[in-house]
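For reference, the structure is listed below as C-alpha coordinates.
The values are calculated or read from the model by the stated rules, or taken from the named source; none is laboratory data. Remember, it's a predicted structure, so these values are computed and weren't measured experimentally. Quick reminder, even Gly has a Cβ in these numbers, built from the backbone with ideal geometry, and neighbours come from all protein chains shown.
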Amino acid sequence: MSRPLQALIDLSALEHNLSVVRRYTPRSRVMAVIKADAYGHGLLRAAEALARADGFAMLELDAAVRLREAGYRQTILLLEGFFDMDELAWIEQYHLSVVIHNHEQLAMLSAARVRGRLNVFLKLNTGMNRLGFPLEQFPAALETLRANPAVDQITLMSHLAHADEPRGDASVAVQLQRFLAAAEGRHLPRSLANSAAILRYPETHADWVRPGIMLYGASPLPGTPAAELDLFPAMTVTTRIIAMQTLNPGDGVGYGLAFRPGRHMRVGIVAGGYADGYPRHAPTGTPVLVNGKRTQVVGRVSMDMLHVDLSDMEDAGIGSPVTLWGKGMPVDEVAQAAGTVAYELLCALAPRMQKVT
Ligand SMILES: Cc1ncc(COP(=O)(O)O)c(C=O)c1O
(Lines give C-alpha, C1' and ligand atoms only; values in the text may rest on other atoms or scores of the structure.)
Protein backbone atom coordinates (compact mmCIF):
# COMPACT_ATOMS: atom_id res chain seq x y z
CA MET A 1 0.00 0.00 0.00
CA SER A 2 1.35 3.46 -0.84
CA ARG A 3 1.37 6.40 1.54
CA PRO A 4 -2.27 7.49 1.76
CA LEU A 5 -1.79 11.22 1.32
CA GLN A 6 -3.15 12.80 -1.85
CA ALA A 7 -4.63 15.97 -3.27
CA LEU A 8 -7.83 15.33 -5.14
CA ILE A 9 -8.41 17.95 -7.85
CA ASP A 10 -12.06 18.43 -8.70
CA LEU A 11 -12.30 19.58 -12.31
CA SER A 12 -16.03 20.17 -12.11
CA ALA A 13 -15.45 22.56 -9.20
CA LEU A 14 -13.04 24.60 -11.35
CA GLU A 15 -15.59 24.68 -14.14
CA HIS A 16 -18.33 25.70 -11.74
CA ASN A 17 -16.20 28.47 -10.21
CA LEU A 18 -15.51 29.86 -13.69
CA SER A 19 -19.26 30.03 -14.22
CA VAL A 20 -19.52 32.02 -10.97
CA VAL A 21 -16.97 34.48 -12.36
CA ARG A 22 -19.08 34.76 -15.53
CA ARG A 23 -22.19 35.42 -13.47
CA TYR A 24 -20.49 38.38 -11.79
CA THR A 25 -18.84 39.71 -14.96
CA PRO A 26 -21.26 39.24 -17.86
CA ARG A 27 -19.70 42.01 -19.92
CA SER A 28 -16.02 41.21 -19.42
CA ARG A 29 -13.63 38.69 -20.88
CA VAL A 30 -12.13 36.32 -18.34
CA MET A 31 -8.39 35.78 -18.04
CA ALA A 32 -7.99 32.75 -15.74
CA VAL A 33 -4.89 33.21 -13.61
CA ILE A 34 -3.05 29.89 -13.60
CA LYS A 35 0.39 30.94 -12.41
CA ALA A 36 2.29 28.82 -9.87
CA ASP A 37 1.09 25.60 -11.51
CA ALA A 38 -2.48 26.86 -11.36
CA TYR A 39 -2.18 27.72 -7.67
CA GLY A 40 -0.93 24.19 -7.03
CA HIS A 41 -3.70 22.39 -8.91
CA GLY A 42 -1.62 21.41 -11.96
CA LEU A 43 -1.31 23.62 -15.02
CA LEU A 44 -2.72 21.44 -17.79
CA ARG A 45 -5.31 19.81 -15.57
CA ALA A 46 -6.65 23.20 -14.50
CA ALA A 47 -6.48 24.62 -18.02
CA GLU A 48 -8.59 21.74 -19.28
CA ALA A 49 -11.30 22.50 -16.72
CA LEU A 50 -11.02 26.23 -17.44
CA ALA A 51 -10.86 25.82 -21.21
CA ARG A 52 -13.82 28.13 -21.69
CA ALA A 53 -11.90 31.10 -20.28
CA ASP A 54 -11.08 33.79 -22.83
CA GLY A 55 -7.46 33.85 -21.78
CA PHE A 56 -4.90 32.52 -19.32
CA ALA A 57 -2.41 34.49 -17.27
CA MET A 58 0.77 33.23 -15.67
CA LEU A 59 4.35 34.29 -15.34
CA GLU A 60 6.38 31.22 -16.20
CA LEU A 61 7.45 31.26 -19.86
CA ASP A 62 7.93 27.48 -19.98
CA ALA A 63 4.42 26.95 -18.65
CA ALA A 64 3.00 29.36 -21.23
CA VAL A 65 4.79 27.45 -24.00
CA ARG A 66 3.47 24.13 -22.67
CA LEU A 67 -0.04 25.53 -22.63
CA ARG A 68 0.21 26.76 -26.22
CA GLU A 69 1.71 23.44 -27.31
CA ALA A 70 -1.22 21.68 -25.65
CA GLY A 71 -3.43 23.41 -28.20
CA TYR A 72 -4.96 26.35 -26.32
CA ARG A 73 -5.59 29.18 -28.73
CA GLN A 74 -6.72 31.85 -26.27
CA THR A 75 -4.70 34.84 -25.13
CA ILE A 76 -1.85 33.64 -22.90
CA LEU A 77 -0.48 36.54 -20.90
CA LEU A 78 2.87 36.66 -19.13
CA LEU A 79 2.08 38.75 -16.04
CA GLU A 80 5.66 39.90 -15.45
CA GLY A 81 6.48 40.14 -19.15
CA PHE A 82 10.00 39.08 -20.12
CA PHE A 83 13.26 39.31 -18.24
CA ASP A 84 15.71 39.35 -21.11
CA MET A 85 15.64 39.77 -24.86
CA ASP A 86 16.16 36.09 -25.66
CA GLU A 87 12.68 35.36 -24.42
CA LEU A 88 11.12 37.51 -27.10
CA ALA A 89 11.77 34.90 -29.77
CA TRP A 90 9.74 32.39 -27.77
CA ILE A 91 7.05 34.95 -27.06
CA GLU A 92 6.74 35.67 -30.75
CA GLN A 93 6.87 32.02 -31.83
CA TYR A 94 4.14 30.99 -29.39
CA HIS A 95 1.98 34.11 -29.81
CA LEU A 96 2.15 35.01 -26.16
CA SER A 97 0.97 38.35 -24.80
CA VAL A 98 3.21 40.26 -22.44
CA VAL A 99 2.87 42.75 -19.63
CA ILE A 100 5.26 45.66 -20.02
CA HIS A 101 5.79 47.25 -16.64
CA ASN A 102 9.13 49.06 -16.83
CA HIS A 103 11.50 51.02 -19.06
CA GLU A 104 13.95 48.14 -19.38
CA GLN A 105 11.28 46.01 -21.04
CA LEU A 106 10.25 48.90 -23.28
CA ALA A 107 13.87 49.35 -24.37
CA MET A 108 14.35 45.61 -24.98
CA LEU A 109 11.21 45.53 -27.07
CA SER A 110 12.36 48.50 -29.12
CA ALA A 111 15.81 46.96 -29.67
CA ALA A 112 14.59 43.45 -30.47
CA ARG A 113 13.93 42.36 -34.00
CA VAL A 114 10.44 41.04 -33.52
CA ARG A 115 8.91 40.33 -36.90
CA GLY A 116 5.45 39.35 -35.72
CA ARG A 117 2.95 41.51 -33.89
CA LEU A 118 2.83 41.36 -30.11
CA ASN A 119 -0.12 41.99 -27.84
CA VAL A 120 1.00 44.08 -24.92
CA PHE A 121 -0.61 44.81 -21.57
CA LEU A 122 0.86 48.11 -20.43
CA LYS A 123 0.90 48.17 -16.66
CA LEU A 124 0.28 51.34 -14.69
CA ASN A 125 1.17 51.86 -11.06
CA THR A 126 -2.00 53.36 -9.64
CA GLY A 127 -0.98 53.03 -6.01
CA MET A 128 0.04 49.49 -5.17
CA ASN A 129 3.68 50.40 -5.81
CA ARG A 130 4.69 46.96 -6.99
CA LEU A 131 4.86 46.79 -10.79
CA GLY A 132 3.92 49.41 -13.35
CA PHE A 133 4.83 52.77 -14.83
CA PRO A 134 4.32 55.79 -12.63
CA LEU A 135 1.33 57.70 -13.95
CA GLU A 136 3.40 60.65 -15.10
CA GLN A 137 5.59 58.36 -17.21
CA PHE A 138 2.72 56.42 -18.68
CA PRO A 139 1.95 58.71 -21.68
CA ALA A 140 5.56 58.49 -22.92
CA ALA A 141 5.59 54.70 -22.43
CA LEU A 142 2.38 54.43 -24.42
CA GLU A 143 3.82 56.56 -27.22
CA THR A 144 6.95 54.38 -27.36
CA LEU A 145 4.78 51.27 -27.68
CA ARG A 146 2.59 52.86 -30.30
CA ALA A 147 5.64 53.81 -32.34
CA ASN A 148 6.94 50.23 -32.25
CA PRO A 149 5.86 48.32 -35.37
CA ALA A 150 6.17 45.04 -33.45
CA VAL A 151 3.31 46.01 -31.16
CA ASP A 152 -0.24 45.17 -32.12
CA GLN A 153 -3.01 45.46 -29.52
CA ILE A 154 -2.30 47.48 -26.37
CA THR A 155 -4.39 46.90 -23.24
CA LEU A 156 -4.06 49.10 -20.17
CA MET A 157 -3.87 47.28 -16.87
CA SER A 158 -3.29 47.87 -13.19
CA HIS A 159 -3.54 45.82 -10.01
CA LEU A 160 -5.50 46.69 -6.87
CA ALA A 161 -3.85 46.64 -3.46
CA HIS A 162 -6.97 46.68 -1.34
CA ALA A 163 -9.79 44.91 -3.15
CA ASP A 164 -10.21 42.41 -0.32
CA GLU A 165 -10.91 45.12 2.25
CA PRO A 166 -14.50 46.02 3.16
CA ARG A 167 -16.26 48.36 0.81
CA GLY A 168 -15.83 51.97 1.78
CA ASP A 169 -12.07 51.77 1.89
CA ALA A 170 -10.95 54.64 -0.30
CA SER A 171 -8.06 52.81 -1.85
CA VAL A 172 -9.92 50.96 -4.60
CA ALA A 173 -11.82 54.13 -5.47
CA VAL A 174 -8.58 56.10 -5.57
CA GLN A 175 -6.76 53.55 -7.72
CA LEU A 176 -9.75 53.25 -10.04
CA GLN A 177 -10.04 57.00 -10.40
CA ARG A 178 -6.32 57.29 -11.24
CA PHE A 179 -6.60 54.46 -13.75
CA LEU A 180 -9.65 55.93 -15.44
CA ALA A 181 -8.03 59.35 -15.64
CA ALA A 182 -4.95 57.87 -17.32
CA ALA A 183 -7.01 55.70 -19.68
CA GLU A 184 -9.45 58.42 -20.66
CA GLY A 185 -9.57 59.19 -24.35
CA ARG A 186 -7.09 56.43 -25.22
CA HIS A 187 -9.72 54.03 -26.56
CA LEU A 188 -7.80 51.00 -25.38
CA PRO A 189 -9.09 47.88 -23.62
CA ARG A 190 -8.64 47.84 -19.84
CA SER A 191 -8.01 45.28 -17.11
CA LEU A 192 -8.01 45.77 -13.35
CA ALA A 193 -10.00 43.27 -11.33
CA ASN A 194 -8.73 40.25 -9.40
CA SER A 195 -11.11 37.89 -7.56
CA ALA A 196 -11.91 40.23 -4.70
CA ALA A 197 -12.65 43.10 -7.07
CA ILE A 198 -14.80 40.84 -9.26
CA LEU A 199 -16.98 40.09 -6.25
CA ARG A 200 -16.96 43.45 -4.57
CA TYR A 201 -16.31 46.21 -7.09
CA PRO A 202 -18.28 45.82 -10.34
CA GLU A 203 -17.07 49.26 -11.40
CA THR A 204 -13.58 47.74 -11.85
CA HIS A 205 -14.59 44.93 -14.20
CA ALA A 206 -13.72 46.66 -17.50
CA ASP A 207 -12.75 44.57 -20.57
CA TRP A 208 -10.73 41.80 -18.94
CA VAL A 209 -11.08 40.43 -15.41
CA ARG A 210 -8.24 38.37 -13.93
CA PRO A 211 -9.61 35.89 -11.37
CA GLY A 212 -7.24 33.57 -9.55
CA ILE A 213 -8.13 32.37 -6.08
CA MET A 214 -11.90 32.24 -6.59
CA LEU A 215 -11.46 29.80 -9.47
CA TYR A 216 -9.89 27.40 -7.00
CA GLY A 217 -12.78 27.71 -4.57
CA ALA A 218 -11.20 29.73 -1.80
CA SER A 219 -12.68 33.00 -0.65
CA PRO A 220 -10.93 36.22 -1.63
CA LEU A 221 -12.96 38.09 0.99
CA PRO A 222 -11.75 37.62 4.57
CA GLY A 223 -14.71 36.79 6.80
CA THR A 224 -16.92 35.58 3.94
CA PRO A 225 -16.84 31.79 3.58
CA ALA A 226 -16.32 30.51 0.03
CA ALA A 227 -19.58 28.53 0.29
CA GLU A 228 -21.49 31.78 0.80
CA LEU A 229 -20.05 32.96 -2.52
CA ASP A 230 -21.17 29.70 -4.18
CA LEU A 231 -17.54 28.67 -4.73
CA PHE A 232 -16.64 24.96 -4.60
CA PRO A 233 -13.25 23.76 -3.33
CA ALA A 234 -11.17 22.50 -6.23
CA MET A 235 -8.54 20.79 -4.07
CA THR A 236 -9.18 18.33 -1.24
CA VAL A 237 -6.17 16.96 0.60
CA THR A 238 -6.95 13.61 2.17
CA THR A 239 -4.91 11.10 4.13
CA ARG A 240 -5.33 8.53 6.91
CA ILE A 241 -4.43 7.83 10.49
CA ILE A 242 -1.40 5.55 10.52
CA ALA A 243 -0.86 5.09 14.28
CA MET A 244 -2.66 5.63 17.57
CA GLN A 245 -1.34 6.85 20.90
CA THR A 246 -2.95 7.18 24.30
CA LEU A 247 -1.59 10.02 26.38
CA ASN A 248 -1.70 9.85 30.16
CA PRO A 249 -1.77 12.96 32.33
CA GLY A 250 1.70 14.49 32.08
CA ASP A 251 2.49 12.98 28.68
CA GLY A 252 3.13 15.12 25.63
CA VAL A 253 3.14 14.32 21.93
CA GLY A 254 5.52 15.10 19.08
CA TYR A 255 8.67 17.25 18.91
CA GLY A 256 9.31 19.17 22.08
CA LEU A 257 6.31 17.39 23.60
CA ALA A 258 4.82 20.77 22.88
CA PHE A 259 1.28 19.61 23.53
CA ARG A 260 0.48 18.20 26.99
CA PRO A 261 -3.23 17.74 27.57
CA GLY A 262 -2.95 17.01 31.30
CA ARG A 263 -5.51 14.21 30.99
CA HIS A 264 -6.06 10.96 29.14
CA MET A 265 -6.31 11.60 25.45
CA ARG A 266 -6.49 9.40 22.36
CA VAL A 267 -4.30 10.87 19.66
CA GLY A 268 -4.19 9.84 16.01
CA ILE A 269 -0.94 10.10 14.06
CA VAL A 270 -1.68 11.31 10.54
CA ALA A 271 0.41 10.79 7.38
CA GLY A 272 1.11 14.37 6.26
CA GLY A 273 3.53 17.03 7.40
CA TYR A 274 5.38 20.11 6.31
CA ALA A 275 7.37 18.25 3.66
CA ASP A 276 4.03 17.66 1.97
CA GLY A 277 3.00 21.29 2.20
CA TYR A 278 1.02 21.27 5.44
CA PRO A 279 2.07 24.43 7.31
CA ARG A 280 4.50 23.72 10.13
CA HIS A 281 3.24 26.77 12.00
CA ALA A 282 -0.34 25.40 12.20
CA PRO A 283 -0.88 25.52 15.97
CA THR A 284 -2.80 23.21 18.28
CA GLY A 285 -6.44 23.88 17.51
CA THR A 286 -6.11 24.02 13.71
CA PRO A 287 -9.26 22.31 12.40
CA VAL A 288 -9.12 18.95 10.60
CA LEU A 289 -11.70 16.30 9.66
CA VAL A 290 -11.45 12.69 10.83
CA ASN A 291 -14.15 10.29 9.68
CA GLY A 292 -15.91 13.35 8.31
CA LYS A 293 -16.08 15.01 11.76
CA ARG A 294 -14.22 18.08 12.91
CA THR A 295 -11.45 17.81 15.40
CA GLN A 296 -8.12 19.60 15.90
CA VAL A 297 -4.42 19.26 15.23
CA VAL A 298 -2.39 18.96 18.45
CA GLY A 299 1.34 19.52 19.01
CA ARG A 300 3.97 20.51 16.46
CA VAL A 301 3.55 19.50 12.85
CA SER A 302 6.56 17.44 11.83
CA MET A 303 8.08 16.77 8.42
CA ASP A 304 5.93 13.76 7.53
CA MET A 305 3.29 13.55 10.25
CA LEU A 306 0.93 15.51 12.42
CA HIS A 307 -1.23 14.58 15.40
CA VAL A 308 -4.96 14.93 15.90
CA ASP A 309 -7.17 14.85 18.97
CA LEU A 310 -9.46 11.80 18.91
CA SER A 311 -10.70 12.01 22.48
CA ASP A 312 -14.33 12.34 21.43
CA MET A 313 -14.06 9.97 18.50
CA GLU A 314 -14.40 6.42 19.76
CA ASP A 315 -14.85 5.09 16.26
CA ALA A 316 -11.61 6.60 14.87
CA GLY A 317 -8.45 4.51 14.64
CA ILE A 318 -5.74 3.35 12.28
CA GLY A 319 -6.98 3.75 8.71
CA SER A 320 -9.59 6.39 9.49
CA PRO A 321 -9.85 8.94 6.69
CA VAL A 322 -8.58 12.45 7.36
CA THR A 323 -9.23 15.64 5.39
CA LEU A 324 -6.60 18.33 5.89
CA TRP A 325 -8.49 20.83 3.72
CA GLY A 326 -10.98 20.91 0.89
CA LYS A 327 -14.50 19.47 0.82
CA GLY A 328 -15.95 19.77 4.31
CA MET A 329 -12.93 21.64 5.67
CA PRO A 330 -12.50 25.05 4.03
CA VAL A 331 -8.88 25.81 3.20
CA ASP A 332 -9.55 29.37 4.37
CA GLU A 333 -10.24 28.12 7.91
CA VAL A 334 -7.05 26.07 8.02
CA ALA A 335 -5.08 29.02 6.62
CA GLN A 336 -6.54 31.41 9.15
CA ALA A 337 -5.71 29.09 12.05
CA ALA A 338 -2.16 28.78 10.70
CA GLY A 339 -1.76 32.55 10.34
CA THR A 340 -1.59 32.51 6.57
CA VAL A 341 -3.85 32.65 3.51
CA ALA A 342 -5.34 29.94 1.31
CA TYR A 343 -3.14 31.13 -1.57
CA GLU A 344 -0.03 29.99 0.30
CA LEU A 345 -1.41 26.60 1.31
CA LEU A 346 -2.60 25.78 -2.20
CA CYS A 347 0.60 26.94 -3.91
CA ALA A 348 2.92 25.29 -1.38
CA LEU A 349 1.92 21.67 -2.00
CA ALA A 350 5.18 19.76 -2.15
CA PRO A 351 6.25 17.93 -5.31
CA ARG A 352 5.93 14.58 -3.48
CA MET A 353 2.20 15.15 -2.93
CA GLN A 354 0.31 12.87 -5.29
CA LYS A 355 -2.35 14.76 -7.25
CA VAL A 356 -5.32 12.85 -8.62
CA THR A 357 -8.50 13.84 -10.42
C1 LIG B 1 -1.56 40.86 -11.76
C2 LIG B 1 -2.48 39.88 -11.14
N3 LIG B 1 -3.73 39.78 -11.56
C4 LIG B 1 -4.60 38.90 -11.02
C5 LIG B 1 -4.22 38.07 -9.98
C6 LIG B 1 -5.23 37.12 -9.38
O7 LIG B 1 -5.50 37.48 -8.05
P8 LIG B 1 -6.53 36.64 -7.16
O9 LIG B 1 -5.92 35.28 -7.01
O10 LIG B 1 -6.58 37.37 -5.88
O11 LIG B 1 -7.80 36.61 -7.90
C12 LIG B 1 -2.92 38.14 -9.50
C13 LIG B 1 -2.52 37.30 -8.40
O14 LIG B 1 -1.70 37.55 -7.59
C15 LIG B 1 -2.02 39.07 -10.09
O16 LIG B 1 -0.76 39.18 -9.67
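Exactly one residue among R66, R115, R73, R146 is modelled with pLDDT under 95 and more than 16 Å from the ligand (Cβ to nearest atom), and that residue is R115.
Listed by position, the helices (runs of 4 or more DSSP H) inside the stretch 49-122 whose residues that are on the phi < 0 side of the Ramachandran plot and of a type in the set (S, T, N, Q) number at least 1 are 87-93, 103-111. On the basis of being within 16 Å of the ligand (Cβ to nearest atom), in contact with a His (Cβ under 8 Å, 6 or more places away or on another chain) and either farther than 25 Å from G40 by Cβ or outside the structural domain of A49 (by TED's automatic domain parsing) (or both), does S171 make the cut? So S171 passes the test. A count restricted to the stretch 133-143 and to residues that are more than 16 Å from the ligand (Cβ to nearest atom) and touching a strand residue (DSSP E or B) at 6+ places or on another chain (Cβ under 8 Å) stands at 5. Among the residues making up the stretch 11-47, none is more than 16 Å from the ligand (Cβ to nearest atom) and among the aromatic types (F, W, Y).
Could you check, for the stretch 50-64, whether at least one of its residues is surrounded by 23 or more Cβ atoms within 10 Å (Cβ to Cβ), touching a residue at least 40 places away in the same chain (Cβ under 8 Å) and farther than 19 Å from V237 by Cα? Scanning the stretch 50-64, I find at least one residue that is surrounded by 23 or more Cβ atoms within 10 Å (Cβ to Cβ), touching a residue at least 40 places away in the same chain (Cβ under 8 Å) and farther than 19 Å from V237 by Cα, so the answer is yes. In the stretch 178-192 there is at least one residue that is within 16 Å of the ligand (Cβ to nearest atom) and part of a loop (DSSP other than H, G, I, E, B).
Under the condition of being in contact with a Leu (Cβ under 7 Å, 6 or more places away or on another chain) and under 23 Å from D207 (Cβ atoms), the residues counted in the stretch 47-66 number 10.
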